[in-house]
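The values are calculated or read from the model by the stated rules, or taken from the named source; none is laboratory data. The structure presented is a predicted model; accordingly, all values stated were derived computationally and were not measured. FYI the Cβ positions are ideal-geometry reconstructions off the backbone, even for glycines, and counts take in every protein chain you see. In case anyone asks, the SASA skips ligands and DNA or RNA and just uses the protein heavy atoms, side chains included. Shrake-Rupley method; radii C 1.70, N 1.55, O 1.52, S 1.80 Å.
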Amino acid sequence: MAKILIATEKPFAAIAVKGIRDVIEKAEFEPVLLEKYTEKAQLLEAVKDAEALIVRSDIVDAEVLKAAKQLKIVVRAGAGYDNVDLDTATAQHVCVMNTPGQNSNAVAELAFGLLVYAVRNFYNGTSGTELKGKKLGILAYGNVGRNVARIAKGFGMEVYAYDAYCPSTIIESEGVKPVESTEELFKISQVVSLHIPATPETKGSIGFKLIQSMPKGAILLNTARKEVIDEEGLQKAFAERPDFKYLSDVKPSIDEELKANYGERYFSTPKKIGAQTAEANINAGIAAAEQIVDFLKNGNQKYRVNK
Ligand code: 3PG
């Protein structure tokens, strides 16, 4: 019976694990759970005889892939697959998939959790501001960006978006104003919410110049990836703009420093929690299990992300 390993350093909700197990067992495969592991060695051992692997942000590098001699497929239960070494996977004939859209509402809702906290001055009792009528810029109009736009309209915000790959006609058709560049988006938006993946093009792409160009009372939200931030530029922005706030679900390397110096304008979650809801866990986890079953039984590669 093919073994399907669910390796999650940050576990799914129990109800999601049950759903994943049910899908796998119904298809007559064997689910094996490795949760909250603390050493890479535990993953290397567990993956040895697995034919399929479900992960979240767990690192699936060349060492893991090489230890997994029976592996045919890895599904990242979520959107970003920058934690998986795609080249090695391809070289080893391992199919890599993600589960696009399955956890995007959870991430978008958290962006607003952070945003309300920011405009109400971190709930410190002083007079804050409202979101109604403010300009929100969404950087990358994918599944999360779209959900952010939907929620922003409920708050009465003016919503703008830039996406290098999504035609502006699509953005426009959803009642969002498309702009021509990242630079333009930052220039007009009091709030910018980042939803770009971490790629060679985006890494370190959000820095001082962009932040500096934002209107007064600028707020930058990052529920995407820490790597997209130019941390030196971020630090400079904090030093030079006393009105600037940065709220992040993905801790920068300079987290402690920012907390110590700019604690009234900087917030980061203790652990990445954007997709950490029962619903998102159920959606992404079960989709991952179903995609694996469909791949192993029927060869369906619909959500494949490596070549
Ligand atoms: C994603 O890329 O799907 C999100 O960053 C969620 O990551 P997580 O599964 O580690 O919470």
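Some observations on this one:
- Among the candidates Ala62, Ala79, Ala118, Ala91, residue that is within 17 Å of the chain's Cα centre (by Cα) and hydrophobic (A, V, I, L, M, F, W, C): Ala79
- Taking residues in region 56-77 that are within 12 Å of the ligand (Cβ to nearest atom), and partners anywhere that are of a type in the set (Ser, Thr, Tyr) and not in a strand (DSSP E or B), the pairs with Cβ atoms closer than 9 Å and at least 6 places apart or on different chains are Asp58/Tyr37; Val75/Thr99; Val75/Tyr303; Arg76/Ser57; Arg76/Thr99; Ala77/Thr99.
- Test: residue in region 229-250 that is within 15 Å of the ligand (Cβ to nearest atom) and open to solvent by 50 Å² or more (accessible area, probe 1.4 Å): no
- Of all the criteria given as (1) touching a helix residue (DSSP H, G or I) at 6+ places or on another chain (Cβ under 8 Å); (2) more than 16 Å from the ligand (Cβ to nearest atom); (3) open to solvent by 20 Å² or more (accessible area, probe 1.4 Å), the one not satisfied by Thr202 is (2).
- Qualifying residue in region 290-306 (condition: acidic (Asp, Glu), over 28 Å from Thr182 (Cβ atoms) and assigned by TED's automatic domain parsing to the domain that holds Val94): yes
- Count of region 31-47 residues which are surrounded by 14 or more Cβ atoms within 10 Å (Cβ to Cβ) and farther than 17 Å from Gln291 by Cβ: 10
- 1 or more residues assigned by TED's automatic domain parsing to the domain that holds Pro11, of a type outside the set (Asp, Glu) and open to solvent by less than 60 Å² (accessible area, probe 1.4 Å): qualifying strands (runs of 3 or more DSSP E) within region 62-141: 73-76, 95-98
- Any hit, region 278-298, residues being under 25 Å from Gly128 (Cα atoms), open to solvent by less than 10 Å² (accessible area, probe 1.4 Å), within 16 Å of the ligand (Cβ to nearest atom) and not acidic (Asp, Glu): no
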